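Structure record follows, encoded as C-alpha cells.
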Amino acid sequence: MWDAFNYCEVFAGRFTAEECERVIALQQGSGIVQSRIPRGGDGLIRDSDLFWVPRTPETGWVFERLCDVAALYNARYGLELCAEMGQLQLTRYRAGQLYDWHMDLGPGAMSLRKITIVVELAAGQYQGGGTEVFYGEGREKRIALDQGDALIFPSFIMHRALPVLSGTRWTLVSWLTGPAPLK
C-alpha cells in the first residue's frame with residue numbers, strides 16, 4: 001500500500017546542458033515523422049515532429065539514465081515494470097505546435113504503459129510551451145522544468161504540451177511498460 005501518491009515528480013538536473021545537446025543531435029540523419037492528429041471540427045490535438053531513438057552503443061547511456069530515474073520514482077510505488085523500454089521519442093515543437101490534453105495509453109502495446117518520462121532538453125530556447133499535468137480544477141497545472149530535468153508520472157494521467165510561441169522546444173519521452181496480461 002502506498003503512503004502517498006503524487007500525480008507527478010520532477011527529478012532535477014538529470015542531464016547536463018551538454019548532454020541535452022547530444023540528445024538533440026541524435027535526430028540528425030534520422031527520418032522525421034510529422035505527427036498530426038486532427039481535432040473533430042478544426043485545429044489539431046497534436047502537431048509535432050518526432051524522431052525515434054533506438055538503443056545502440058551510441059545511445060545506451062541515455063537509456064541507462066532514464067532507467068535510473070524510473071527506478072528512483074518506482075521505489076515508492078513498486079510497479080511491475082519490464083526491463084526493456086523500447087525506442088525513445090525525441091520530440092520537436094516549433095512555433096504554434098502543441099499536443100493537447102491526452103493520456104499515454106491506447107490499444108495493443110500502448111495499453112501496457114505504466115510510467116511516462118519527459119525530459120526537457122531546450123529550456124530557455126523557446127517562449128510559451130511547457131508541460132501541464134491535470135490535477136483537477138483550480139490547481140496550477142504547469143510544471144516548471146529546467147533544461148535536463150525529468151518529469152515522471154503514471155501514463156494514465158492527463159497531460160499536455162502547451163503551444164510554443166517562438167523558438168524550438170525539444171523533449172525526450174520514454175514509456176516504461178508492465179508485462180502483458182496472461183491469456
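The values are calculated or read from the model by the stated rules, or taken from the named source; none is laboratory data. Given the structure is predicted, the values throughout are model-derived calculations rather than measurements. Quick reminder, even Gly has a Cβ in these numbers, built from the backbone with ideal geometry, and neighbours come from all protein chains shown. Accessible surface areas use protein heavy atoms only, side chains included; no ligands, DNA or RNA. Shrake-Rupley method; radii C 1.70, N 1.55, O 1.52, S 1.80 Å.
For (1) in contact with a Leu (Cβ under 9 Å, 6 or more places away or on another chain); (2) of a type outside the set (Lys, Arg), each residue gets a yes or a no:
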{"residue": "114", "(1), (2)": "yes, no"}
{"residue": "134", "(1), (2)": "no, yes"}
{"residue": "144", "(1), (2)": "no, yes"}
{"residue": "153", "(1), (2)": "no, yes"}
{"residue": "161", "(1), (2)": "yes, yes"}
{"residue": "173", "(1), (2)": "yes, yes"}
{"residue": "181", "(1), (2)": "yes, yes"}
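Out of the residues in the range 78-87 that are out of contact with any helix residue (DSSP H, G or I) (no Cβ under 7 Å at 6 or more places or on another chain) and closer than 26 Å to residue 130 by Cα, state the one that is least open to solvent (accessible area, probe 1.4 Å). Quick ask: steps written out before the conclusion?
Residues of the range 78-87 that are out of contact with any helix residue (DSSP H, G or I) (no Cβ under 7 Å at 6 or more places or on another chain), as a first pass: 78-80, 82-84, 86-87.
Keeping just the survivors that are closer than 26 Å to residue 130 by Cα gives 86-87.
Numbers: 86: 33, 87: 93 Å².
Step by step, filter the range 78-87, then rank; the result is 86.
Could you please find all residues in the range 88-132 being of a type in the set (Gly, Ala, Ser) and surrounded by fewer than 18 Cβ atoms within 10 Å (Cβ to Cβ)? It would help to see each step written out before you state the result.
So in the range 88-132, the residues of a type in the set (Gly, Ala, Ser) come out as 95-96, 106, 108-109, 111, 122-124, 128-130.
Across the range 88-132, the qualifying residues are 95, 96, 106, 108, 109, 111, 124, 128.
Within the range 160-183, take every residue that is among the hydroxyl-bearing types (Ser, Thr, Tyr) and under 12 Å from the mean Cα position of the chain (by Cα) and give me the one that is nearest to residue 21 (Cα to Cα). I'd like the intermediate steps shown before the answer.
To start, the set of residues in the range 160-183 that are among the hydroxyl-bearing types (Ser, Thr, Tyr) comprises 166, 168, 171, 174, 177.
Those left that are additionally under 12 Å from the mean Cα position of the chain (by Cα): 171, 174.
Numbers: 171: 11, 174: 18 Å.
Result: 171.
Identify all residues within the range 93-142 that are closer than 19 Å to residue 166 by Cβ, out of contact with any Ser or Thr (no Cβ under 6 Å at 6 or more places or on another chain) and polar (S, T, N, Q); write none if there are none.
Within the range 93-142, 125, 131 qualify.
Can you tell me which residues in the range 43-62 are over 21 Å from residue 103 (Cα atoms) and free of Cβ contacts under 8 Å to residues at least 60 places away in the same chain?
Correct list: 54, 55, 56, 57, 58, 59, 60, 61.
Which strands (runs of 3 or more DSSP E) does the range 64-159 wholly contain that include 1 or more residues that are more than 26 Å from residue 179 (Cα to Cα) and under 16 Å from the mean Cα position of the chain (by Cα)? First the steps, then the outcome.
Values: elements: 88-94, 98-102, 113-120, 126-128, 131-133, 150-154.
Of the strands (runs of 3 or more DSSP E) lying wholly inside the range 64-159, those with at least 1 residues that are more than 26 Å from residue 179 (Cα to Cα) and under 16 Å from the mean Cα position of the chain (by Cα) span 88-94, 98-102, 113-120, 131-133.
Does the range 152-159 contain any residue that is more than 24 Å from residue 78 (Cβ to Cβ), surrounded by fewer than 19 Cβ atoms within 10 Å (Cβ to Cβ), in contact with a His (Cβ under 8 Å, 6 or more places away or on another chain) and at pLDDT below 95? Lay out the reasoning, then the answer.
From the range 152-159, those more than 24 Å from residue 78 (Cβ to Cβ) are none; that's our starting set.
No, because not a single residue in the range 152-159 is more than 24 Å from residue 78 (Cβ to Cβ), surrounded by fewer than 19 Cβ atoms within 10 Å (Cβ to Cβ), in contact with a His (Cβ under 8 Å, 6 or more places away or on another chain) and at pLDDT below 95.
If you go through the range 34-69, how many residues are open to solvent by 30 Å² or more (accessible area, probe 1.4 Å) and under 13 Å from residue 173 (Cβ atoms)? Don't jump to the end; show me each part of the working.
Of the residues in the range 34-69, the ones open to solvent by 30 Å² or more (accessible area, probe 1.4 Å) are 34, 36-45, 52, 54-58, 61, 64-65, 67-68.
Okay, now just the ones that are also under 13 Å from residue 173 (Cβ atoms), so 52.
Count: 1.
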